[in-house]
Amino acid sequence: MNREGRQGVGVPHCTDEAGEPTPGDPAEGKRHLGMELLEGKMRETSGSQSVSTKLQRIAELARQAPKMAMTTLSHHIDEEFLKEAYRRTRKDGAVGVDGQTAQEYEANLDENLSSLKERFKSGSYKAPPVRRVYIPKAGNSKKLRPIGIPSLEDKVLQRAVSMVLETVYEQDFLDCSYGFRPKRSAHDALATLWSGLMGIKGGWVIEMDIKGCFDNISHSHLRSFLDQRVRDGVIRRTIDKWLKAGVLEDGEVWHPTLGTPQGGVVSPVLMNVFLHEVLDKWFEEVVKPRMKGKALMIRYADDAVLAFEMESDARRVMEVLPKRFLKYGLELHEEKTRLIDFRRPGPTDQRLTRTVQAGRASFDFLGFCHHWGKSRKGYQVIKRKTAKERLRRAIVSINEWCRRNRHIPAKDQWSMLVRKLRGHYGYYGITGNIRALSQFHRAVTKAWQKWLNRRSQRKDMPWERFIRMLERYKLPTPKVVHSIYGCAAKP
């Protein structure tokens, strides 16, 4: 809904022949306004449907010719397509090197998108460098993490190209990959991994970590992979411009020779294309047929877990895995890539104790520690709990937020803490993880009381008074949102 529509809801009016507002029947004004809003919504829906139809045509062609390199794709990216890409682009992010905000760009949206289309099609579009800034790492305010901030217009064009590439490659990507793909979430990956591991009774697991995957992707190999499926000259030329755009840092522009565009919308798609060829196809077409037992792999973006029924298979793959990545210019982290004996413990096996104490029979994936434990009926099952580092970071982050916002009204603090707790439960609220959820809930409660009590030199929020306040401002209690039994509660 546009800004004018929102402002007009409270004061309905009509206009005379000269266009000046005059008092009128409120019901008639509401009907008139409703028609305007409906027409605006219909125009937006019509545009979205048109773009959806184009994407369906691309998908159908890619599905019918899985071995064909597509040479005519850029003609689908017209002004209507760019407008849909703009709608899908986040508007509240930091500005890029040109300093242009979404409000400024939207003031002349049609003209700007028309100009962008012409420059894109003619090849005169110049990809601006990415502005690099440093932010504290989550849970550690001393260490900084670099992030790239593209300009808004660059984000829009990257979104449009990503929509086309994603549609083509969704017909090729395998079921083992989940990250940055439509209708595939981290919890889908976790559920598939859980059922697969239970099917082979745990087996032998390779926990894999790639060193700086986004920053070290080889441009030459990426181009060769794209050649197999997308050879549209306009799109490929634009992708090359993004790869060479450079990074602006401390007033100087430098041009990396490796990696995908810093902070770019198109980067996840390019990374998926790269790992699809390097890892996914290789594992499914080359590795699995040579295994003596069952094998499975789950990849979410650049994080992957490989599981094998037999130890000999796992050790063979563990030996060749670094060579496979090195062939394409990537390295595996030696300390974080490890082979784990994750077989289901027997009745007298002491590995359950080691799981808790040393983590030798457990592994982390997508923020969860996977380990063996006993169900309520006494059976050995794979359980998931919040990874220690993720839980620590979440607690440190909430404590820091309470410290920085302790002077705002308690009601406003409560409203934000409710959102944070529900967001945490929405991801970590998984079957068997109620203890870690309760630990986080207690930490949030203590942090809130601690910093409310330090709003001034006088201690004005002792625990007894805080408990009475909680009766009015209740914090959400832990809930299992993602159940392995198919019955999920709402956060």
Problem set entry | Conditions (1) open to solvent by 30 Å² or more (accessible area, probe 1.4 Å); (2) out of contact with any Asp or Glu (no Cβ under 9 Å at 6 or more places or on another chain); (3) of a type outside the set (A, V, I, L, M); number of the one not met by GLY123 | (1)
Seminar exercise, completed: Here the residues within the range 414-443 that are among the hydrophobic types (A, V, I, L, M, F, W, C) and part of a helix (DSSP H, G or I) are TRP414, MET416, LEU417, VAL418, LEU421, ILE434, ALA436, LEU437, PHE440, ALA443
Exercise. Could you say whether any residue in the range 131-140 is surrounded by 15 or more Cβ atoms within 10 Å (Cβ to Cβ) and modelled with pLDDT of 90 or more?
Worked result: yes
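Residue-by-condition table, conditions (1) more than 20 Å from PRO128 (Cβ to Cβ); (2) open to solvent by less than 10 Å² (accessible area, probe 1.4 Å); (3) among the basic types (Lys, Arg):
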residue	(1), (2), (3)
MET68	yes, no, no
THR72	yes, no, no
ASP78	yes, no, no
PHE81	yes, yes, no
GLY93	no, no, no
ASP98	no, no, no
Exercise. Restricting attention to the range 307-323, does a residue exist that is in a loop (DSSP other than H, G, I, E, B), small (Gly, Ala, Ser) and open to solvent by less than 20 Å² (accessible area, probe 1.4 Å)?
Worked result: no
Exercise. With respect to TRP451, is the statement that it is touching a helix residue (DSSP H, G or I) at 6+ places or on another chain (Cβ under 9 Å), open to solvent by less than 50 Å² (accessible area, probe 1.4 Å) and assigned to a helix (DSSP H, G or I) true?
Worked result: yes
Exercise. Can you name the residue in the range 238-277 that is open to solvent by 50 Å² or more (accessible area, probe 1.4 Å) and of a type in the set (D, E, K, R) and is also nearest to THR167 (Cα to Cα) among such residues?
Worked result: LYS241
For this session: Filter the range 257-288 for residues that are farther than 17 Å from GLN158 by Cβ and in a loop (DSSP other than H, G, I, E, B) and give the result.
Result: THR257
Exercise. Is one or more of the residues making up the range 326-341 free of Cβ contacts under 8 Å to residues at least 60 places away in the same chain, loosely packed, with under 14 Cβ neighbours inside 10 Å and part of a loop (DSSP other than H, G, I, E, B)?
Worked result: yes
Exercise. Is at least one residue of the range 145-152 open to solvent by 10 Å² or more (accessible area, probe 1.4 Å), under 25 Å from GLN262 (Cα atoms), among the charged types (D, E, K, R) and modelled with pLDDT of 95 or more?
Worked result: no
For this session: Sort through LYS201, LYS155 and tell me the only one that's part of a helix (DSSP H, G or I) and either open to solvent by 10 Å² or more (accessible area, probe 1.4 Å) or touching a residue at least 12 places away in the same chain (Cβ under 8 Å) (or both).
Result: LYS155
Exercise. Taking the stated definitions as given, is LYS383 over 21 Å from the mean Cα position of the chain (by Cα) and surrounded by 18 or more Cβ atoms within 10 Å (Cβ to Cβ)?
Worked result: yes
For this session: Quickly run through the range 56-83 and pick out the residues that are in contact (Cβ under 8 Å) with a residue 40 or more places away in the chain and not in a loop (DSSP other than H, G, I, E, B).
Result: ILE58, ALA59, ALA62, ARG63, MET70, SER74, HIS76, PHE81, LEU82
Seminar exercise, completed: Output for Cβ contacts, cut-off 7 Å, separation at least six or different chains, first residue free of Cβ contacts under 8 Å to residues at least 60 places away in the same chain and surrounded by 22 or more Cβ atoms within 10 Å (Cβ to Cβ) in the range 278-305, second assigned to a strand (DSSP E or B) and of a type in the set (Phe, Trp, Tyr), reads ALA295/PHE308
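The values are calculated or read from the model by the stated rules, or taken from the named source; none is laboratory data. These numbers were taken from a predicted model, which means no experiment stands behind them. No Cβ is skipped: glycine too gets one built from the backbone with ideal geometry, and neighbour counts run over all protein chains shown. The accessibility values were calculated without ligands, DNA or RNA, using every heavy atom of the protein model including side chains. Shrake-Rupley method; radii C 1.70, N 1.55, O 1.52, S 1.80 Å.
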